[in-house]
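Below: one structure, written as structure tokens.
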Amino acid sequence: METNLESISAAVRKVLEELVEERASLNGSPSGICETIDAAVESAVAAQKRLQEISLEGRKDLIAAIRKAALDANERLSALAVKETGLGRYEDKVRENVLCATKSTGPEDIEPRAYSGDHGLTLVEYAPRGVIGSLTPITNPTGTLIHNSICMISAGNAVVFNAHPNAKETSVETIKTLHRAIVESGGPPGLIGSVPKPTLDTAKELIEHPKVSMLVATGGRPVVNVVLRSGKKAIGAGAGNPPVVVDETANVRRAAECIINGASMNNNIFCTSEKEVIVVDAVADALIKFMLETGKAYLLSPEQARQITEIVVTPERKINGRFIGKNVQVILKEIGLSIGEEYRIAIFEAPKTHPLVWLEQMMPVLPIVRVANVSEAISLAVEVEQGNRHTAVMHSNHIEHMTRFARAVQTTIFVKNGPSYAGIGLGGEGHTAFTIAGPTGEGLTSARTFTRIRRCTLVDSFRII
Ligand code: NAD
């Protein structure tokens, strides 16, 4: 009799727990967008539990549905991102989203490992973290959300986003689109979520929420420092100032084309884009000539370069935010220069001390510094990278030069003889990442980055040879 009562009360408790979970998930809206951070987190907690009950095949189906939804909505989301933020170029946002939808890693990245030996078998598995809080940048409101959602869910997590306040509409639309795809393919509601109006206050709430077990900051140094101080496991993907070095052994025409394509991509707002060119004197004239022959680069005279610098750099030696991510035509118009739509970038010769050599300009205005030799080029490039450990590029056919630079600069991404974006998988081998964790060392993040490593040891058995 007693046993019966016990089993009945256990069953009732289970039903009640399920009801509470169900309520928590409904507490969030069916779109993934909740009134408060707390509701989004509660909804994510319930959804993550339900994700754990879905088979790995089912999880793969969810990821396939997310990829497809991102591709299907690509044009709409890209147009919205450009309209709302005023940054970048529509056609490049489209390329960014295709890259993120197709080359962000999926569940294949968390395949377990096994060791066998005299003492049996040990299995190493990549377990979910739980609910992740993700802070995303204004520069890539669609790409970062698509990439992070794919990787984080592939690893069995749920994620609550706090997007940049000035990219809220795009972020909400992106989340709704991906959320709908998840639910329609049988996934739990709330697996990704956010609030309609993300602010610094909601970011703080997310960071401090006790049920958020991991934080990911994709942005400038201050936000990376904020999550690192949180006391939680944190991944920081920070700012860069990628130098590109061209030495006398480079295929100079190819270098010129790659630099113009890389630096003008999305109006230079990618954190990986070439931000300053450092070229040895012997090939500097040829490099500039070949850049102009692409038909996409406009060479500023020293006086024009001075005027533009006055406009895009403030007296406090900061980048004037008004020009970040704008088309080159818009920027040059400020000094009365009208140039054709075929131009993608302005270039100019600059001294080493020029502010745009040292600041992350994120606009299509590219300084070119002449130096005497490759040793000077490498030293300057290391200095201007400023220990961000982000990205560096080199055009050279000299193995020793390339090795020296790669060792000296210590960046997360080092691209040889290609545009910077080859380093994030666009025209280069390997997966993509729009959360590139230089400061905390995870590198180009993948599904495995968002896991906890667990080991299971079976002693003295199951070695079959
Ligand atoms: P940002 O640092 O201003 O903002 C990024 C996010 O952090 C936003 O959601 C913002 O609201 C939030 N945030 C900022 N300060 C905060 C604080 N004190 N507390 C809590 N949240 C805070 O960056 P941005 O202007 O949106 O994006 C451009 C920057 O991001 C550039 O420096 C670029 O290099 C960098 N970025 C890096 C990567 C990478 O993977 N390493 C990718 C994209 C962009």
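Coordinate-derived values only; no laboratory data. In this text the structure is predicted, and so the values were computed from the model without any measurement. As a convention, Cβ positions derive from the backbone with ideal geometry for all residues, glycine included, and neighbour counts pool all protein chains shown.
List of remarks:
- Proximal lysines to residue 289, defined as alpha-carbon separation beneath 30 angstrom and excluding residues fewer than eight positions away on the same chain: 93, 275, 326, 333, 352, 416
- Share, in percent, of DSSP beta bridges within the chain that are antiparallel, nearest 5: 30 percent
- The stretch between residue 372 and residue 200 holds 57.2 nm of extra length on full extension. This uses 0.36 nm per residue minus the Cα-Cα distance.
- For residue 376, neighbours were defined as the other residues whose beta-carbon sits under 13 Å from its Cβ, and their charges (Lys and Arg +1, Asp and Glu -1) total -1.
- Directionally averaged projected area (convex hull, Cα atoms, the stretch 214-307), nm²: 8.2 nm²
- Computed over the alpha-carbon pairs of the stretch 67-163, the distance histogram in 5 Å steps reads 2, 13, 19, 18, 16, 10, 7, 5, 4, 3, 2, 1, 0 percent, short to long.
- Only Lys, Arg, Asp and Glu carry charge here, each on its Cβ (+1 for the first two, -1 for the last two); on that basis the chain has a dipole of about 260 debye about its Cα centre.
- Backbone N within the stretch 128-172 under 12 Å of label point (7 Å from residue 185 Cα along the Cβ vector): 150-151, 153-154
- Were the residues from residue 408 through residue 233 laid out at 0.36 nm apart, the gain over their Cα-Cα distance would be 60.1 nm.
- Residue by residue, the stretch 147-158 carries 3J(HN,Hα) couplings of 4, 5, 4, 4, 5, 5, 6, 4, 8, x, 9, 10 Hz when phi is fed to the Karplus relation 6.51 cos²θ - 1.76 cosθ + 1.60 (θ = phi - 60°); x denotes Gly or Pro.
- Protection proxy ranking of 437-444, 454-461, by the mean of other Cβ atoms within 10 Å over each peptide's residues and highest first, is 437-444, 454-461.
- Between residue 417 and 394, 395, 396, the built amide H atoms are under 5 Å apart, and every one of these is 5 or more places off in sequence or on another chain.
- Amide N proximity, the stretch 421-461 versus residue 122 label position 7 Å along Cα-to-Cβ, cut-off under 16 Å: 453-461
- Derived scalar couplings ³J(HN,Hα) [the stretch 305-317; Karplus, 6.51 cos²θ - 1.76 cosθ + 1.60; whole Hz; x for Gly, Pro]: 4, 5, 5, 5, 4, 4, 7, 8, 10, 7, x, 7, 6
- Summed residue charge, Cβ within 14 Å of residue 101's Cβ, Lys/Arg positive, Asp/Glu negative: +3
- With a Förster radius of 45 Å applied to the beta-carbon distance between residue 292 and residue 456, the computed FRET efficiency rounds to 0.15.
- Cut-off under 5 Å, modelled amide H: who pairs with residue 276 long-range: 244
- Peptide packing: for 125-134, 335-344, 359-368, the average count of neighbouring Cβ atoms within 10 Å per residue gives the ranking 359-368, 125-134, 335-344, highest mean first.
- At R0 = 51 Å, FRET efficiency that the Cβ-Cβ distance of residue 335 and residue 55 yields, to 0.05: 0.25
- Backbone phi angles across the stretch 237-249, fed through the Karplus curve with coefficients 6.51, -1.76 and 1.60 (θ = phi - 60°), yield HN-Hα couplings of 10, x, 6, x, 8, x, x, 10, 9, 10, 9, 6, 9 Hz in residue order; Gly and Pro are listed as x.
- Whole-number percent relative contact order across the chain, with pairs defined as alpha carbons under 8 Å at least 6 apart: 20 percent
- Convex hull volume per residue, computed on the Cα atoms of the chain, equals 168 Å³.
- When each of the peptides 307-313, 203-209, 98-104 is scored by how many other beta carbons lie within 10 Å of its residues on average, the order from highest to lowest is 98-104, 203-209, 307-313.
- Cβ-based net charge around residue 310, under 14 Å, with every Lys or Arg adding one and every Asp or Glu removing one: +1
- Residue 234 long-range amide H proximity, modeled H, under 5 Å: 215
- Using R0 = 35 Å, the C-beta based FRET efficiency linking residue 83 and residue 307 works out to 0.75.
- Added length on full extension, which subtracts the Cα-Cα distance from 0.36 nm per residue, residue 35 to residue 76: 12.3 nm
- Compactness of the stretch 97-216 is given as radius of gyration and Dmax, 16.4, 59 Å, from Cα positions.
- Charge dipole of the stretch 233-370 about the Cα centre (unit charges at C-beta), most positive-ward option of 280, 347, 320: 320
- Treating each Cα of the stretch 163-243 as one equal point scatterer and applying the Debye formula with no solvent, the log10 of I(q)/I(0) at q = 0.22, 0.26 Å⁻¹ comes out as -1.12, -1.24.
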